[in-house]
Every structure is written in C-alpha cells, then in structure tokens.
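Peer 1: First the structure, which I've put down as structure tokens, then a few questions once you've had a look.
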C-alpha cells in the first residue's frame, strides 16, 4: 500500500502537556469509519490514547525503547518520543494506520 491508497485525511490539533501535536487521521464518512479496513477501528483518536499520551509526557523515557502495539494514528508513540525515548516502534495490523502514523511522526515511507 502506498500513500495514494490512503483514505481522505483531516488534521486535529491536540495539546498534550502544553505541547501542540498535529495528528492526521481519516475523515468520517457519514458519521462512521466502517468504509475503512478492519472496520476503521484504528482510525479515531481514542480517548485512551489521549490519556496515555498525557501520562507519558510526565515520564522520563530517555534511553528507553518503546513498542506500541495497535498504534492507530501514533499519538502515544509520538508522546513517547517527545518524552525522550531513544527508539519508538509504531505497529498496527492495518497498513493504512502504519502509513498515517509514520506521516504523523514525520517519517518518510
């Protein structure tokens, strides 16, 4: 899969521990994500990822490696990197999620 196959994206601007983070994510179609692979479970910015990102912002992760399983848009992976993690691995079953997560993290595919 390449970027030309990604769904229509929109951007949300979030504030995590005083830092502004811009997150690309699929746009709702008719109020749902069911048109996306895996039923779109990976597409929304979940409340739990906002809370985990906030918690990570208070931790000192310097020198640590972080693995996020089911990363979706990569918000918590980005928060881990901002908290000093040396290496962050963003994974998800949905290929679209990994591509969008990498875009959010500023990594070229």
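The values are calculated or read from the model by the stated rules, or taken from the named source; none is laboratory data. The model shown is predicted, which means the values in this text are computed figures rather than measured ones. Glycine gets a Cβ as well: all are built from the backbone with ideal geometry, and neighbour counts include every protein chain shown.
Peer 1: Looking only at the stretch 11-35, filter to residues that are under 17 Å from the mean Cα position of the chain (by Cα) and assigned to a loop (DSSP other than H, G, I, E, B); which one of those is nearest to residue 101 (Cα to Cα)?
Peer 2: If we take residues in the stretch 11-35 being under 17 Å from the mean Cα position of the chain (by Cα) and assigned to a loop (DSSP other than H, G, I, E, B), then 27 is nearest to residue 101 (Cα to Cα).
Peer 1: Further question on the same structure: Residues of the stretch 57-76 being buried (at least 17 other Cβ atoms within 10 Å of the Cβ), over 17 Å from residue 17 (Cα atoms) and within 13 Å of the chain's Cα centre (by Cα), which ones?
Peer 2: Within the stretch 57-76, 68, 71, 72, 73 meet the criteria.
Peer 1: Does any residue of the stretch 93-107 turn out to be assigned to a strand (DSSP E or B) and at pLDDT below 90?
Peer 2: No - not one qualifying residue is present in the stretch 93-107.
Peer 1: Here's another thing I want to ask about it. Looking at (1) over 15 Å from residue 100 (Cα atoms); (2) within 12 Å of the chain's Cα centre (by Cα); (3) without any contact (Cβ under 8 Å) to a residue 40 or more places away in the chain, which is the one condition that is false for residue 79?
Peer 2: Unmet for residue 79, out of (1) over 15 Å from residue 100 (Cα atoms); (2) within 12 Å of the chain's Cα centre (by Cα); (3) without any contact (Cβ under 8 Å) to a residue 40 or more places away in the chain: (3).
Peer 1: Also, quick follow-up: Residue 72 is checked against (1) in contact with a helix residue (DSSP H, G or I) (Cβ under 7 Å, 6 or more places away or on another chain); (2) assigned to a loop (DSSP other than H, G, I, E, B); (3) over 17 Å from residue 107 (Cα atoms) and fails just one. What number does that condition carry?
Peer 2: Unmet condition: (3).
Peer 1: Restricting attention to the stretch 76-83, does a residue exist that is out of contact with any helix residue (DSSP H, G or I) (no Cβ under 7 Å at 6 or more places or on another chain), within 24 Å of residue 3 (Cβ to Cβ) and assigned to a loop (DSSP other than H, G, I, E, B)?
Peer 2: At the first step, the residues of the stretch 76-83 found to be out of contact with any helix residue (DSSP H, G or I) (no Cβ under 7 Å at 6 or more places or on another chain) are 81-82.
Filter once more, keeping what is within 24 Å of residue 3 (Cβ to Cβ): 81.
From what's left, assigned to a loop (DSSP other than H, G, I, E, B): none.
No: the stretch 76-83 contains no residue that is out of contact with any helix residue (DSSP H, G or I) (no Cβ under 7 Å at 6 or more places or on another chain), within 24 Å of residue 3 (Cβ to Cβ) and assigned to a loop (DSSP other than H, G, I, E, B).
Peer 1: Could you check, for the stretch 44-65, whether at least one of its residues is in contact with a strand residue (DSSP E or B) (Cβ under 9 Å, 6 or more places away or on another chain), within 18 Å of residue 107 (Cα to Cα) and either in a loop (DSSP other than H, G, I, E, B) or at pLDDT 95 or above (or both)?
Peer 2: yes
Peer 1: Condition first: free of Cβ contacts under 8 Å to residues at least 40 places away in the same chain, in contact with a helix residue (DSSP H, G or I) (Cβ under 7 Å, 6 or more places away or on another chain) and under 16 Å from residue 88 (Cα atoms). Now tell me which residues in the stretch 21-65 satisfy that.
Peer 2: Within the stretch 21-65, 49, 52, 53, 56, 61 meet the criteria.
Peer 1: Related question: Identify, please: which residue in the stretch 1-19 is more than 23 Å from residue 81 (Cβ to Cβ) and surrounded by 12 or more Cβ atoms within 10 Å (Cβ to Cβ) and is, among those, modelled with the highest pLDDT?
Peer 2: If we filter the stretch 1-19 for residues that are more than 23 Å from residue 81 (Cβ to Cβ), which is where we start, we get 1-2, 4-5, 7-8.
Okay, now just the ones that are also surrounded by 12 or more Cβ atoms within 10 Å (Cβ to Cβ), so 1, 7.
Values: 1: 68, 7: 81.
Among residues in the stretch 1-19 that are more than 23 Å from residue 81 (Cβ to Cβ) and surrounded by 12 or more Cβ atoms within 10 Å (Cβ to Cβ), the one modelled with the highest pLDDT is 7.
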